[in-house]
1. Given only helices, namely DSSP H runs of n ≥ 4 each adding -39500 (n - 2.57), what is the per-residue ellipticity at 222 nm of the chain, to the nearest 500 deg cm²/dmol?
2. Over the stretch 232-326, what is the relative contact order in percent, taking alpha-carbon pairs closer than 8 angstrom and at least six residues apart?
3. Relative to the longest principal Cα axis of the chain, at what angle does helix 325-347 sit, 0 to 90 degrees, rounded to 10?
4. Which cross-chain or sequence-distant (5 or more) residues have an amide H under 5 Å from the amide H of Asp320, H modelled 1.01 Å from N in plane?
5. Taking every DSSP beta bridge that has both residues in the chain, what percent is antiparallel when rounded to the nearest 5?
6. Ignoring ligands, DNA and RNA, how do Asp153, Asp184 rank by accessible area with a 1.4 Å probe, largest first?
7. Of Thr462, Trp479, Thr385, which is farthest along the charge dipole of the chain in the positive direction, counting Lys and Arg as +1 and Asp and Glu as -1 at C-beta?
8. Fully extended, how many nm does the chain gain between Tyr234 and Asn290 (0.36 nm per residue separation, minus their Cα-Cα distance)?
Amino acid sequence: MTLRFYDTASAEVRDFVPLTPGKVSLYYCGATVQGLPHVGHIRSAIAFDQLTRWLEYRKFRVTVVRNVTDIDDKILAKSAASFEPDFEEGPDDIREEEWWALAYRYEQAFLNAYDTLGVSRPTYEPRATGHIPEMHSLIQRLIDRGHAYPALDDSGDVYFDVRSWNRYGSLTRQKIDEMQGAADADPRGKKDPRDFALWKGHKEGEPTTASWVSPWGTGRPGWHLECSAMVTKYLGTEFDIHGGGLDLRFPHHENEMAQSQAAGHAFANFWMHNGMVTYQGEKMSKSIGNTVSPTEMLEIASPRVVRYYLGQAQYRSILDYQPTSLQEASAAMERIDGFVARAVRALSDGGSLLFGSHGEVPDAFAAAMDDDLNVPQALAVLHDTVRAGNTALTAGDNAAARAALHSVTDMLRVLGLNDVAAPARDDQADAALGVLVEAQLGARAEARATKDWAASDAIRDTLAAAGVVVEDGPDGASWTLKRG
């Protein structure tokens, strides 16, 4: 077994060997809680949840840290009711409230979305505002090593000196002179427009609750500094994997890497970035009205279907949303669930078969996941196993059907599709429903045998109206309850 992941810093797929045998330390960027979660946030969380689940399947003990950025320029602007509504929010949703109350409200919205879609809680989820002393220590260390300086205009800002670090730009393979100026602070106090803020001095009009006393004057941390301070506190100055969305490579992760390495920290051994979500080939944008939010997706389909859709692509690739995307994902899940329901009924083993862990996933599935989390190929193995299981059930080969059911169950668990919130099961009701549906399918089979197509269609329509999906195949009719 050789795990291989794409490392953004080296721009190659490399063998993954953890720094400590048997353990993996993973940090990925969580929410900047300035608004409701959008689909890109959720795709990123699902991608790193899949990574975590696979590492755990491979018997690693995984420590996951996912931060919450709860102090930021946009949070302050939005709390003052001077910020544009976000996604499904309307103008009435934008109101004056304390910045910390707004941040907490949106933090809960993110947690609800993660939980709804089966994203496992991290080992720890630190907030930026809880780590100001660690940030002060890091800033002072950078000043002492000649890589940071207090602003030249006595504003109380402190900047990272990008020209003092000869590897600045290496993560994204850019040259300093070809970069635009950093937009996170007024350039008047900078040596170079590209220098970025480590500390932002308190400014008139900002709430006093959004500032902390520091050696350089009252103020608040810069965005990039926050993550470096939090990850090193919990995972150390060298750790295995740093992850996040592709849009964070620059400037956020470039700046994180520069300031951390300039402080003398080895920092991340691997940098992993998930691709973006587009809408019919175009970047999602409120201005052109082609956005779709997790809430809107969940109004169309069940959480399991939404998770299947958002997690079906290889994590580094673009995931393109089409009007039919959730319908296709729903059909795929119905085929899987149809086999599971049919196998459970035929094998008379109750619902416990769906939830237990029975052994190892198929070798082809494991090989795909080991190869930089090739989820599309892994899903192909899952669907092949479903087809083989259906064939075995039709042939009366219970041993093969049981093996297929166990494999499907374990693959679903690895992908997180068995841990998404679902309605409570009632085994007695399920058994009664199964008897009634099978009787209807028996009557329908007799009608088809006598070419009474009207009666056959009527039975199918009646079942469909009750939420029972019937699929005709070469092995006969199978059924499942409609989801989403």
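The values are calculated or read from the model by the stated rules, or taken from the named source; none is laboratory data. All figures in this text were calculated on a predicted structure; none of them were measured in a lab. Note that we place each Cβ from the backbone using ideal geometry, even for glycine, and neighbour counts take in every protein chain shown. Please note that ligands, DNA and RNA were not included when accessible areas were found on the heavy atoms of the full protein model with its side chains. Shrake-Rupley method; radii C 1.70, N 1.55, O 1.52, S 1.80 Å.
1. For the chain, the value works out to -13500 deg cm²/dmol.
2. This gives 30 percent for the stretch 232-326.
3. Once rounded, the angle reads 50 degrees.
4. Thr278
5. Close to 50 percent.
6. Descending order: Asp153, Asp184.
7. It is Thr385, whose Cα lies furthest towards the positive end.
8. Fully extending the segment from Tyr234 to Asn290 adds 16.3 nm.
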